[in-house]
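The values are calculated or read from the model by the stated rules, or taken from the named source; none is laboratory data. Bear in mind the structure is a predicted one, so any value in this text is a computation, not a measurement. We place every Cβ from the backbone using ideal geometry, glycine too, and count neighbours over all the protein chains shown.
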Amino acid sequence: MVARSATTVAMLFDFTDLRLFIHIAELKSLTRAAERMHMSLAAASNRIKELESRFGMRLLYRENKGVQLSPAGETLLAHAQQFMQQLERLRSDMQQYNNGIKGHIRIFANTTAVTEFMPEVLGDFLARHPQVNVALEERLNQEIVRGIQEGTADIGIAAGPVQGQGLEIINFSTDRLVLATAPDHPLATAGSISFDETLAYPHIGLHEGSTLWHFLNGIVSGSGQRLQLRIQVRGFEAMCRMVEAKVGIGILPQSAALRHSRTMKLALVELTEPWAVRERSVVVQSLEGLPHYARALVDVICSARPEEKA
């Protein structure tokens with residue numbers, strides 16, 4: 001068999017084909033992928049047909065509920081993700097010649113990290129590394145792990161159990177979930193309480209895209225009970241203000257609760273469940289494989305100890 005030249009292989013697809021295919025795999029929908037790419041459904045469908053024709057094999061199975069990748073499609077997806085990651089790193093590296101930036105770090109992190117301790121961490125880090133820029137995105141734990149596995153993020157910050165085959169997981173601190181109430185609430189003097197006992201009262205929750213909301217909602221759903229959700233807010237400060245105003249009670253990290261209790265009238269009650277204590281972890285593909293400035297950021301994160309500064 002005659003090996004294809006690099007030029008011939010490069011002609012099998014272009015960057016738009018790869019981006020489209022990655023979106024189709026992520027969304028499991030050709031229609032939604034076409035919308036994300038700002039192209040018509042017919043154009044997107046033709047691109048996939050052309051791609052399958054060039055490779056000489058089926059890449060997608062079209063089903064009533066969407067699309068599924070064929071084994072060949074799964075292989076293409078893995079290579080496409082790696083290729084686009086390398087392309088993004090090349091773009092970031094070349095960016096330094098335009099605006100002086102010599103490094104770019106993309107971080108996927110949970111709600112607590114984004115809102116509570118990463119602003120301080122990044123303020124310190126970026127002051128000492130002015131030629132590095134950072135993209136910080138709030139994601140769910142499973143999205144954080146998947147982002148690191150697929151190479152769409154360089155560093156992940158998660159709370160609670162983290163499983164990712166082949167990844168380096170570095171535990172750097174411990175967080176605890178507590179109940180916050182108004183000082184005159186019936187639960188304010190409980191000292192400690194089970195999560196089930198809180199379900200008799202209206203709760204203040206974070207927005208549905210937050211890690212904590214998904215975590216607590218999963219616990220309630222798994223027990224067959226119901227959470228009385230009075231209102232959802234965008235952050236822990238807003239949650240604490242609602243609690244102080246007696247709109248409801250709220251569950252949040254102890255570090256955030258202690259910080260806001262300095263300026264608000266709150267009572268904090270310990271939750272007795274084992275899951276209330278959660279390990280914070282940094283997740284990377286390979287610490288040694290990170291650029292030196294990204295390794296330096298991991299060091300800063302791991303030395304932050306946010307629970308000791310609450």
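For beta carbons closer than 6 Å, sequence separation of 6+ or different chains, a first residue in region 140-166 that is without any contact (Cβ under 8 Å) to a residue 60 or more places away in the chain and a second that is part of a loop (DSSP other than H, G, I, E, B), the qualifying pairs are G147/A153.
Filtering region 219-255 to residues that are under 26 Å from E143 (Cα atoms) and part of a helix (DSSP H, G or I) leaves I219, V220, S221, G222, S223, F236, E237, A238, M239, Q254, S255. Within region 256-298, the residues that satisfy the criterion of being in a loop (DSSP other than H, G, I, E, B), farther than 23 Å from K246 by Cα and free of Cβ contacts under 8 Å to residues at least 40 places away in the same chain are E288, G289.
Examine region 54-62 for a residue that is at pLDDT below 90, exposed (fewer than 14 other Cβ atoms within 10 Å of the Cβ) and either assigned to a helix (DSSP H, G or I) or not assigned by TED's automatic domain parsing to the domain that holds L77 (or both), and state whether such a residue exists. Checking region 54-62: at least one residue is at pLDDT below 90, exposed (fewer than 14 other Cβ atoms within 10 Å of the Cβ) and either assigned to a helix (DSSP H, G or I) or not assigned by TED's automatic domain parsing to the domain that holds L77 (or both). Looking across V233, V282, one residue alone is more than 18 Å from E197 (Cα to Cα) and in contact with a Phe, Trp or Tyr (Cβ under 7 Å, 6 or more places away or on another chain). It is V282.
Put simply, of L216, L179 the only residue that is assigned to a strand (DSSP E or B) and closer than 20 Å to V243 by Cβ is L179. Apart from one condition, G191 fits all of (1) under 25 Å from M118 (Cα atoms); (2) surrounded by fewer than 17 Cβ atoms within 10 Å (Cβ to Cβ); (3) not basic (K, R); the exception is (1).
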